[in-house]
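Novice: Quick one: the structure is below, questions incoming.
Every read-out reported here was derived from the displayed coordinates using simple, explicitly stated rules and does not represent laboratory data. In this text, all values refer to a predicted model and were calculated from it rather than measured experimentally. Every residue, glycine among them, receives a Cβ derived from its backbone with ideal geometry; neighbour counts consider all protein chains shown.
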Amino acid sequence: MYTLEIAGIAIATTDADEAEAREIFESEDFLDDVRGFTSAGAPIWDGVSAFVIRSATEDEIEAFSEIEDIEDDIEGEEGDEFDEEGANIMFLVDIDQFDDEGE
């Protein structure tokens with residue numbers, strides 16, 4: 001598992017391997033999305049600050065697993081949020097509003 005860190009703050013974790021995590025976190029689509037997200041009213045990324053992709057910590061892995069377990073309990077089986085075939089991403093910061101929520 002790997003984590004995207006911006007300005008020393010862990011932003012998101014993925015269950016992808018390192019190559020796939022880099023592909024996801026460095027993709028223009030993902031970066032465009034993150035550039036538009038806010039947390040507590042502040043932008044998550046200003047579009048210029050350096051970011052780091054690093055191995056997830058034990059706490060981040062545990063948080064990811066807890067969310068996956070909750071999804072399983074809600075669905076009664078494997079949840080929609082966690083796709084067994086592809087990589088999953090969990091934000092570690094509260095996102096104020098995703099662009100598609102207001103539409």
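Novice: Excluding GLY41 itself, calculate the net charge of residues whose Cβ lies under 12 Å from the Cβ of GLY41, where each Lys or Arg counts +1 and each Asp or Glu counts -1.
Specialist: On the way: positive: none; negative: ASP94, ASP96.
Cβ neighbours under 12 Å give a net charge of -2.
Novice: Which residues does the label zone of ALA50 cover in the range 7-35, counting backbone N under 14 Å from a point 7 Å along Cα→Cβ?
Specialist: Once the point is set 7 Å along Cα→Cβ of ALA50, 7-9 turn out to lie under 14 Å by backbone N, inside the range 7-35.
Novice: R0 = 22 Å: FRET efficiency of ALA7 with ILE67, Cβ-based, nearest 0.05? Intermediate results must be reported in sequence, preceding the final value.
Specialist: On the way: r = 24 Å, r/R0 = 1.08.
Here the calculated transfer efficiency is 0.40.
Novice: Suppose each label sits 7 Å from its Cα in the direction of the beta carbon; what would the ALA40-SER27 distance come out to in nanometres?
Specialist: Reported label-point gap for ALA40 and SER27 is 3.0 nm.
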